[in-house]
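As structure tokens, the structure follows; a few thoughts come after it.
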Amino acid sequence: MNYFFPFLGVLPPVSKLSPGQTMYHFLSGYTAKVAGTERGITEPTATFSAGFGAAFLTLHPTQYADLLQEKLVSHGSSAFLVNTGWSGGAYGVGERMSIQVSRSCIAAILDGSIHDSEFKTDDIFGFSIPTSLPNVDHNVLQPRNAWEDKDAYDVTKTKLASMYVENFKKFLGKSTVDYAEFGPQI
């Protein structure tokens, strides 16, 4: 599982990733700098940190991604992206994902019940979003439904997808696999 803290409010609380998408998101490392944990930050700021900890990686991030890919395949593991950030709007409009929602998503992953859900494929990011999970409002699972201003959601989602694509350019041609094909399609 990858945990991240985005503040734009356009990603679901949990999504199932293909092996290629797992590598893409691992390499991207989308997160946010937040007040209280970063000097000079007064409100959340988007950032990307390969492997969700680039400063601590001694090898090129793609080497870790290739190893992670190998382990996922050899062990038949599934990967999920868990969003503990915002829902219903960006920072200042939406709300922080509730701890109860995050716990319910994690519980469904750990007990395997998430695999019993029906999934909907996201039109831009391509990952699979469960349409229902115990103790999680279906509107939170489908982030656009949680936004009052649907047009603002669409613009913000496209903006985030563009940020991912721009960030990922630094990994092109650096790995044995071109993981860019598993990123957002805009």
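Checking the condition among the acidic types (Asp, Glu), open to solvent by 60 Å² or more (accessible area, probe 1.4 Å) and free of Cβ contacts under 8 Å to residues at least 40 places away in the same chain, which residue from Glu166, Glu181, Glu148 passes?
Glu166
Scanning region 89-102 for residues that are surrounded by fewer than 19 Cβ atoms within 10 Å (Cβ to Cβ) and more than 16 Å from the chain's Cα centre (by Cα), which turns out nearest to Glu148 (Cα to Cα)?
Filtering first and then ranking leaves Val93.
So how many residues does region 60-102 have that are over 21 Å from Gln142 (Cβ atoms) and in a loop (DSSP other than H, G, I, E, B)?
Counting residues in region 60-102 that are over 21 Å from Gln142 (Cβ atoms) and in a loop (DSSP other than H, G, I, E, B) gives 4.
Considering only region 127-145, how many residues are touching a strand residue (DSSP E or B) at 6+ places or on another chain (Cβ under 6 Å) and either more than 18 Å from Leu17 (Cβ to Cβ) or open to solvent by 80 Å² or more (accessible area, probe 1.4 Å) (or both)?
Residues in region 127-145 being touching a strand residue (DSSP E or B) at 6+ places or on another chain (Cβ under 6 Å) and either more than 18 Å from Leu17 (Cβ to Cβ) or open to solvent by 80 Å² or more (accessible area, probe 1.4 Å) (or both): 1 in total.
Conditions tested, residue by residue: (1) at pLDDT 90 or above; (2) in contact with a strand residue (DSSP E or B) (Cβ under 7 Å, 6 or more places away or on another chain); (3) open to solvent by less than 10 Å² (accessible area, probe 1.4 Å).
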residue: Gln21; (1), (2), (3): yes, no, no
residue: Tyr24; (1), (2), (3): yes, no, yes
residue: Leu27; (1), (2), (3): yes, no, yes
residue: Val34; (1), (2), (3): no, no, no
residue: Glu43; (1), (2), (3): no, yes, no
residue: Ala46; (1), (2), (3): no, yes, no
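When the residues of region 103-126 are narrowed to those that are open to solvent by 40 Å² or more (accessible area, probe 1.4 Å) and assigned to a loop (DSSP other than H, G, I, E, B), which ends up farthest from Glu181 (Cα to Cα)?
Asp111
The values are calculated or read from the model by the stated rules, or taken from the named source; none is laboratory data. Please read these numbers as outputs of a predicted model, since none were measured by experiment. So basically every Cβ, Gly included, is an ideal-geometry build from the backbone, and we count neighbours across all protein chains shown. Calculation scope for accessible area: heavy atoms of the full protein, side chains included, ligands and nucleic acids excluded. Shrake-Rupley method; radii C 1.70, N 1.55, O 1.52, S 1.80 Å.
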